[in-house]
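Asker: Handing you a structure now.
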Amino acid sequence: MTHSHTQESDTYFRAFRKKATGQSVYTFDVVLPFMLHGKLLRSPHAHARIKSIDASKALAMDGVSCVVTGADLAELADPYYGVGLRDQPVIAIDRVRYVGDVVAAVCAVDENTAYRALQQIVVDYEPLLSVMTPSAALMDDAPVLFDTPTRGVSPVIGAGSAYKIDPAPNVLYEYTFGYGDVDRALDSAHALFTDTFEIGRINHFHLEPYVNVARWTGSQVEFWSCNQDPFVLRADVARIFGLPVTDVRIRTPLIGGGFGGKSYCKMEPLVALMSRKAGAPVRLALSMDESMLTLVKHPASLTLTTGVDKQGLLLGRRADITLDGGAYSDASTLVAIKTGFRIGGPYRWQAIDSRARIVRTNTIPSGSFRGFGGTQASWASERQIDMIARRLGHDPVAFRKRNLLKAGEPFAPNDRGIDLDLAAGFDRLIASMPARTKGRGQGVAIGIKDAGGTGNHGQALVRVNQSGQVCVSTATVDIGQGAPSAMCRIATEVLGLPRNTAVYASVDTEHNPPDNGTHVSCATMITGLAVEAAARDALQQVLAFAASQLGCTADDITLEGWLVRHGGALHPLEPMIRKYFGGIGWEFIGRGAFKEPYAPATPMGAENVSWMPCWSGAEVEVDEETGQVRVLSLVVGSDAGRALDMGTCIGQVEGAAAQAFAQAMFEEMRYRGDQPDNATPLAYRVPRVADMPQDFRAFVMESRLGVGPGGLKGIGEAGMLGIAAAIANAIEDATGASLTKTPFTPERVLAALDARQAPDIAASK
Amino acid sequence: MRLNVNVVVNGRSHALEVGAHETLSDVLRERLGLTGCKVACDQSVCGACTILVDGDPVSACSTFMFKVDDSKITTVEGLAAGGVLTRVQEAFLQDGAFQCGFCTSGMILLVTALLARDPNPDDATVQQWLSSNICRCTGYNSILAAVRRASAGLRTEAAA
Amino acid sequence: MLAQAIHPPAPPHPIAMRSRKHISPFNLVRARTVDEAGQAMAASRNARYVAGGIDLIDLMKSGLEVGTIISLDAIPGLRGISLEGDRLFIGALTTHADIAESELLHRHVPGFREIWATVANLRIRMVGTFGGNLISALPHYDAPAACAALGAVGRVRKAAGEYMDAPVTALGGDKSALLEGTFIDVHEPVRLLADRSLHPVLSVYLAVRPTGMRATIACAFARPHVIDLPLDASLAQADVAAEVAASAPAMMESSIASAAYQRRMIAVLLKRLLKRAAERQP
């Protein structure tokens, strides 16, 4: 299903047109005069001590400007980064903790020279024992990745939530969340079920690799960066280099895909360090192979114990969640919080008790990935709900409906109520499923997550010039989600101006007002509210000016396009403005802001801004001889509150669902021993057209209950949440085989089919 | 080793002296300023760098310049002659067939080559062709819709 | 299902330094005849022939240094499919796309063309050559398996200038040998069947002639594993397939499929091919 963009409806046709004609400028395309090129030397060891690094031969090569190593970090104010907890050095200091850890960086006149120089660097390693899985890392005699306590602080949380930093060796962080008396709820249950679910490691596989260009002028550093969080990055770079934030300038051109991979600080401080040492602008464009070694989504194991009463009402759930954080913290704390918090799913409970731990291993760091713990939680929760319904002989659809939260009911104590009709979307999903066919199975799932982040804020400027042309300026970046288009639409709606009068300012921390970053599906909602307020402010200024010129009050007049109506008369604004201000004209600069206040009584420390559902349905056919699963239909729906552009919303839901579909079916970053086994584009499989179900559809509901302009809310992550569970539930429906681990490789499916037959064989003996 | 290579890029002739080891993508991007050619996987897998050599889709990241000596090359910049978008570009816009846009140049050129061969491809052919290139954003529905729209447009044009 | 390799090249060392920007300069010889190419090979240190270049470029991106590249593109007669007596000749420079479009091949070896339309991706099919696929002979590559099932032989020019015919499974390894093309015996009708649905975990090819059948199992072994089967094998599909699977040599383990699964799948896929052969299905 696609929804057409029509030419007149789209302000951003110009921006879209650039993408269709090759004229868009991505960070990948940025070139500065006298720019050098960086390349990185990476550890072949999963865990090793660096005894020495000899770069003398590399430095002697023609065209090599400098080599940066851990020794250069001494000059930094704080050489570590990470979200909340900071344990990742800008470059390895004395130890490497995964295959791919960066040990040296070369700056040279071109990339070819830089590569050749890397091969001249001699690193003497003392290999250490490695731990490749959480279970290995948690063993009593396991080698420990960090010898010192972790720096930094936990993200904000509130009532019902608690955390511990470094609670045990190789455990970075432990988050617990709960309400009610879970022991009592489980004791009183008619039936109790304990199941364990696993989810594999995947990479973002954004097509534009990580790329940054840094340049110093005196003590000021400026970046052209693919990072999706310019102000977060600015703060990190400033802290690391001991600079005032005003000495750090981040420009964000178009971003060629991120999906969470480009959120938060990564290699940017290193690029700045390379540039400073080289005394020249430096571009560091990672290869896709390197991108794959930079960040992954947390693999996880989730054990859920769930109690149900006689009527099939859910009573309580205990969850023990282990997330593989990889070698460094990155955004692990947040993912632990969100996985633990979301484990109950869209249902009513008497009690929840969950614990989510981040375990360190000698693998690629895990961090944010579209859905942020929500995918892991929804997978386990919705798979188990289905298994419970089937074991109890209940219809999985009716079982869910009996327990579903209603609009306005809180997801957790003191939190904002559910801002949509979960049952209505579920009904629509069921109605959208194909008619039953013999030999095929169908499964459904309802994923849910909070969206919009915790206590987030955004600010905006809406500038309207003498001709009624609008420039919207925020820190929301264009990462393909269509946010700039949405921002312009919000502004022009308030001003009553045609949509094609607005342009979206390029993002530059020196000019644009800040926000928390373009992630957690918050841009259109939170920064959108700031834009709406800024547009109102600009409108008031226009009306005040016009009133002063017409000798009336602002209440007497209204704006109609770029004309002012005063009683029966229409006055064109442009001549009025030029008459007063002269030839250059004038800008009415509206300012707006939105801040979700912190609220310690809520579990997250602030009310969740919105709720994001993912109604998912799949129809499958299973080859019982090979274990191959063919997904014939995949239907996915979410709620946008209000869809500013239906085609864009559908595109977001479909795109996320395609990623979740791949993670369910085949996509996985695998290790063989301590080496990544498929960290190249050829070996790592992402979905192509031929992989997608023939019948793949998305729908978007409009509850109008969101807090954003006109009731809208974010939708970017929604499509990820329920897909894996829906497919596994369909496999069970078709064959009775129970899948509890993604991806559902033919071999795993065949093993599940075999296991299904096992009790029968035993019984017949 | 340096070589002389003659190519016609988007209708304009270039006599270039290049290194034997230089790839088409780098010459297009760094010598001719045609940055619409994006490089992503650098392994002939994703198709972001797809350009047309004598009408055939080719991975520019994995093609040595000497391989295209005396060839006609079309990049995305060469499609909208005189600012008028092609049917394929128009269809991509109409159907919102891209999000981040990094795969878009390659996709548009791939579809252009397909429809030049077969203005009315059946679903199997479309699937076979489009499966050559990766889009990580859209889930492909909108791209398939754009191909159908462009192909219908070509049919209408042919009938008129 | 789309082809994606599960057998990456040996762990790159150093780590993640594969890039077109890593390709080192080299000398280029554009050979006009096979002999000229052979002479250039003899005269150069560290030289490589290149046609489509798919695998060689990837290796060079990972840091493989090559002194001289001998381009075979300009040599006439190496690209194309022709009938020579009762043998079909597939020139080494014939691209995968050429094969997928060849009427002649389709007439003499029905089934071949359809299989080749799904090998790799379109851009690779248009550039990658049949000969290159045979010479690179990565375990999941299709040309060695298809050719081995068909009993094809390759014509090779050795470094010293002499020509020899060799079974395709013996090709590769000798970088100084130049493959001119491959011969398939078509004196009796032959058709080619394949089950690539589990590629790259496992593929099974089956060539069916009036006098007998030959199966090859690809992906799971370093070289295709060849089994000759009598024509009546197709009547007892499950038994024959199980027997073949049980007797197959030790398989390469991959991180997505165990040897036990691969062995079990040999039986399943071969049984299905034998059934198709018996029922004369395409």
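Asker: If you take the residues of the range B:64-86 that are within 22 Å of C:ARG20 (Cβ to Cβ) and assigned to a strand (DSSP E or B), which of them is most open to solvent (accessible area, probe 1.4 Å)?
Answerer: Residue satisfying both the conditions and the ranking: B:THR74.
Asker: A further question follows. Which residues, taken from the range C:139-188, are hydroxyl-bearing (Ser, Thr, Tyr), closer than 26 Å to C:ILE115 by Cα and part of a strand (DSSP E or B)? Can you show your working first?
Answerer: Step one: filter the range C:139-188 for residues hydroxyl-bearing (Ser, Thr, Tyr), giving C:141, C:163, C:169, C:176, C:182.
Next, from what is left, pick out any that are closer than 26 Å to C:ILE115 by Cα: C:141, C:169, C:182.
The answer is C:THR182, and nothing else.
Asker: Counting only residues that are within 24 Å of the chain's Cα centre (by Cα) and open to solvent by 20 Å² or more (accessible area, probe 1.4 Å), which one in the range A:240-260 is nearest to A:VAL296 (Cα to Cα)?
Answerer: Filtering the range A:240-260 for residues that are within 24 Å of the chain's Cα centre (by Cα) and open to solvent by 20 Å² or more (accessible area, probe 1.4 Å), the one nearest to A:VAL296 (Cα to Cα) comes out as A:PHE259.
Asker: Please determine whether any residue of the range A:261-282 is in contact with a helix residue (DSSP H, G or I) (Cβ under 9 Å, 6 or more places away or on another chain), closer than 30 Å to A:ALA725 by Cβ and open to solvent by less than 10 Å² (accessible area, probe 1.4 Å).
Answerer: yes
Asker: Another question about this same structure. Does any residue of the range A:388-397 turn out to be in contact with a Ser or Thr (Cβ under 7 Å, 6 or more places away or on another chain), farther than 19 Å from A:GLY453 by Cα and touching a residue at least 24 places away in the same chain (Cβ under 8 Å)?
Answerer: Pass one, the range A:388-397, residues in contact with a Ser or Thr (Cβ under 7 Å, 6 or more places away or on another chain): A:388.
Still in the list and also farther than 19 Å from A:GLY453 by Cα: A:388.
Cutting the leftovers down to touching a residue at least 24 places away in the same chain (Cβ under 8 Å) gives us A:388.
Yes, some residue in the range A:388-397 is in contact with a Ser or Thr (Cβ under 7 Å, 6 or more places away or on another chain), farther than 19 Å from A:GLY453 by Cα and touching a residue at least 24 places away in the same chain (Cβ under 8 Å).
Asker: Can you name every residue in the range C:32-55 that is crowded, with 20+ Cβ neighbours inside 10 Å, part of a helix (DSSP H, G or I) and touching a helix residue (DSSP H, G or I) at 6+ places or on another chain (Cβ under 8 Å)?
Answerer: C:ILE54
Asker: Can we say A:ALA734 is out of contact with any helix residue (DSSP H, G or I) (no Cβ under 8 Å at 6 or more places or on another chain) and either assigned by TED's automatic domain parsing to the domain that holds A:ILE418 or not in a loop (DSSP other than H, G, I, E, B) (or both)?
Answerer: yes
Asker: Moving on to the next point. Considering only residues of the range C:80-105 that are in a loop (DSSP other than H, G, I, E, B) and free of Cβ contacts under 8 Å to residues at least 24 places away in the same chain, which is farthest from C:LEU28 (Cα to Cα)?
Answerer: Among those that are in a loop (DSSP other than H, G, I, E, B) and free of Cβ contacts under 8 Å to residues at least 24 places away in the same chain, it is C:GLY85.
Asker: Next question, about the same structure. Return the residues of the range A:541-587 that are part of a helix (DSSP H, G or I), open to solvent by 60 Å² or more (accessible area, probe 1.4 Å) and free of Cβ contacts under 8 Å to residues at least 40 places away in the same chain; say none if nothing qualifies.
Answerer: Residues satisfying the conditions are A:SER548, A:GLN549, A:ASP555, A:ASP556, A:PRO575, A:LYS579, A:TYR580.
Asker: Quick check: anything in the range A:509-517 touching a helix residue (DSSP H, G or I) at 6+ places or on another chain (Cβ under 9 Å), assigned to a loop (DSSP other than H, G, I, E, B), open to solvent by less than 40 Å² (accessible area, probe 1.4 Å) and closer than 21 Å to A:LEU712 by Cβ?
Answerer: yes
Asker: Taking the stated definitions as given, is B:ALA116 modelled with pLDDT of 95 or more and either buried (at least 19 other Cβ atoms within 10 Å of the Cβ) or within 10 Å of chain A (Cβ to nearest Cβ) (or both)?
Answerer: no
Asker: Which one of these does C:THR94 not meet: (1) open to solvent by 20 Å² or more (accessible area, probe 1.4 Å); (2) modelled with pLDDT of 95 or more; (3) more than 14 Å from chain A (Cβ to nearest Cβ)?
Answerer: Status for C:THR94: all satisfied but (1).
Asker: Next question, about the same structure. So, A:ASN608, is that one more than 21 Å from the chain's Cα centre (by Cα), not in a strand (DSSP E or B) and not aliphatic (A, V, I, L, M) or not?
Answerer: Numbers: more than 21 Å from the chain's Cα centre (by Cα): no; not in a strand (DSSP E or B): yes; not aliphatic (A, V, I, L, M): yes.
So A:ASN608 fails the test.
Asker: While we're looking at this one, here's another question. Could you run through the range A:217-247 and say how many residues are within 21 Å of A:PHE34 (Cβ to Cβ) and either touching an Asp or Glu at 6+ places or on another chain (Cβ under 8 Å) or in a strand (DSSP E or B) (or both)?
Answerer: Residues flagged as within 21 Å of A:PHE34 (Cβ to Cβ) and either touching an Asp or Glu at 6+ places or on another chain (Cβ under 8 Å) or in a strand (DSSP E or B) (or both) within the range A:217-247 amount to 8.
Asker: A follow-up question, please. Just give me the residues in the range C:60-79 being modelled with pLDDT of 95 or more and either assigned to a strand (DSSP E or B) or within 20 Å of B:VAL58 (Cα to Cα) (or both), in sequence order.
Answerer: C:MET60, C:LYS61, C:THR68, C:ILE69, C:ILE70, C:SER71, C:LEU72, C:ARG79
Asker: Separate question: Which of (1) touching an Asp or Glu at 6+ places or on another chain (Cβ under 9 Å); (2) open to solvent by 10 Å² or more (accessible area, probe 1.4 Å) does C:GLU103 not meet, given it meets every other one?
Answerer: Of everything listed in (1) touching an Asp or Glu at 6+ places or on another chain (Cβ under 9 Å); (2) open to solvent by 10 Å² or more (accessible area, probe 1.4 Å), C:GLU103 misses just condition (1).
Asker: Moving on to the next point. Limited to the range B:1-38, what total is found for residues that are open to solvent by less than 10 Å² (accessible area, probe 1.4 Å), at the interface with chain A (Cβ under 10 Å from one of its Cβ atoms) and either touching a helix residue (DSSP H, G or I) at 6+ places or on another chain (Cβ under 7 Å) or in a loop (DSSP other than H, G, I, E, B) (or both)?
Answerer: Result for the range B:1-38: 3.
Asker: Let me ask another. Please work out if A:VAL477 is crowded, with 22+ Cβ neighbours inside 10 Å and within 14 Å of chain B (Cβ to nearest Cβ). Step through it out loud before you land on a result.
Answerer: On the way: crowded, with 22+ Cβ neighbours inside 10 Å: yes; within 14 Å of chain B (Cβ to nearest Cβ): yes.
Here the answer is yes, as A:VAL477 does meet what is asked.
Asker: Let me ask something additional. Looking at the range B:99-140, which of its residues are within 26 Å of B:ASP54 (Cβ to Cβ), assigned to a loop (DSSP other than H, G, I, E, B) and of a type in the set (Phe, Trp, Tyr)?
Answerer: B:PHE102
Asker: Okay, moving on. Suppose we filter B:CYS41, B:CYS46, B:CYS61 for residues that are open to solvent by less than 10 Å² (accessible area, probe 1.4 Å), in a helix (DSSP H, G or I), within 7 Å of another protein chain (Cβ to nearest Cβ) and not aromatic (Phe, Trp, Tyr); which single one remains?
Answerer: Just one listed residue meets the conditions, B:CYS61.
Asker: Just give me the residues in the range B:113-143 being farther than 27 Å from B:ILE73 by Cβ and aliphatic (A, V, I, L, M), in sequence order.
Answerer: B:ALA124
Asker: Looking only at the range C:179-191, count how many residues are within 13 Å of C:ARG107 (Cβ to Cβ) and surrounded by 21 or more Cβ atoms within 10 Å (Cβ to Cβ).
Answerer: Initial filter on the range C:179-191 (within 13 Å of C:ARG107 (Cβ to Cβ)): C:184, C:186, C:189-191.
Of the ones still in play, those that are also surrounded by 21 or more Cβ atoms within 10 Å (Cβ to Cβ) are C:184, C:190.
Qualifying residue count for the region: 2.
Asker: Could you count how many residues in the range A:473-500 are in a helix (DSSP H, G or I), in contact with a strand residue (DSSP E or B) (Cβ under 6 Å, 6 or more places away or on another chain) and over 15 Å from A:LEU559 (Cα atoms)?
Answerer: 3
Asker: Please state which one of C:GLY151, C:GLY131 is among the small types (Gly, Ala, Ser) and either surrounded by fewer than 20 Cβ atoms within 10 Å (Cβ to Cβ) or assigned by TED's automatic domain parsing to the domain that holds C:LEU59 (or both).
Answerer: C:GLY151
Asker: Then there is this: Where residues in the range A:283-320 are in contact with a strand residue (DSSP E or B) (Cβ under 7 Å, 6 or more places away or on another chain) and polar (S, T, N, Q), which of them is nearest to the other protein chains (Cβ to nearest Cβ)?
Answerer: Among those that are in contact with a strand residue (DSSP E or B) (Cβ under 7 Å, 6 or more places away or on another chain) and polar (S, T, N, Q), it is A:SER301.
Asker: Could you look through the range A:353-392, keep only residues that are buried (at least 24 other Cβ atoms within 10 Å of the Cβ) and of a type in the set (A, V, I, L, M), and pick out the one that is farthest from the chain's Cα centre (by Cα)?
Answerer: The residue in question is A:ILE385.
Asker: Residues C:MET213, C:MET252, C:MET265: which one is of a type in the set (A, V, I, L, M, F, W, C), open to solvent by 20 Å² or more (accessible area, probe 1.4 Å) and in contact (Cβ under 8 Å) with a residue 60 or more places away in the chain?
Answerer: C:MET252
The values are calculated or read from the model by the stated rules, or taken from the named source; none is laboratory data. These numbers come from a predicted model, not from an experiment. Note that each Cβ is placed from the backbone with ideal geometry, even for glycine, and that neighbours are counted across all protein chains shown. Side chains are part of the model used for accessible areas, which takes the heavy atoms of the whole protein and leaves out ligands, DNA and RNA. Shrake-Rupley method; radii C 1.70, N 1.55, O 1.52, S 1.80 Å.
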